[in-house]
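Worksheet for the structure shown next.
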Amino acid sequence: MKISQLAKLAQVPSKTIRYYEDIALLPAPCRNANGYREYQQADVERLIFIRRCRELKIPLEDINTLIQVQSDKTSSCHGVDSLIEQQLEKVRRTISELTQLEQTLHALSTSCPNDIVGECQILKNLHQDN
């Protein structure tokens, strides 16, 4: 199949496919006589795997690790488990940071009863170094 077909099946832009080839996340495809890239079903499956990992905000380096460990079907899952636990911890930290950000913004949004910029408590609070 051609890159446009692969992109449609895997729901990934063609530009992204080329990038993944450049960084060796996706193997370089065979080229037919006219120089067009030719892809196989395995490429669709790998791209879907990569896309799902990206949806989970897993970094490309870690996705590469997940791809590599799959080459030995009998090896331990410890590395995979550890990688996913680390990603979960990053998400939890982000949630905590966003919760704090929400609370700060909420406090700011309710801090100004004035209708004049010169008396705006929000702007005054933003000028203070806490």
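Derivation of every value follows stated rules applied to the coordinates shown; laboratory data play no part. On a predicted model such as this, the values are computed, not experimentally measured, just so you know. Reconstructed Cβ throughout: ideal geometry from the backbone, glycine too, with neighbour counts over all protein chains shown.
Tabulated data
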read-out: Over the range 1-75, relative contact order from alpha-carbon pairs under 8 Å, at least 6 apart, %; value: 30 percent
read-out: The chain - mean residue ellipticity at 222 nm from DSSP helices (-39,500 (n - 2.57) per run, n ≥ 4, rounded to 500); value: -20000 deg cm²/dmol
read-out: Angle between the chain longest axis and helix 41-55 axis [Cα atoms, degrees, rounded to 10]; value: 10 degrees
read-out: Cut-off 11 Å (backbone N to label point 7 Å along Cα→Cβ of residue 38), residues of the range 1-27; value: 1-2
read-out: Residues of type lysines that residue 90 reaches as a straight line, Cα spacing below 16 Å, ignoring anything fewer than 8 places off in the same chain; value: 57
read-out: Cβ-placed point charges (K, R +1; D, E -1), dipole of the chain about Cα centre in debye, nearest 20; value: 680 debye
read-out: Added length on full extension, which subtracts the Cα-Cα distance from 0.36 nm per residue, residue 61 to residue 115; value: 14.4 nm
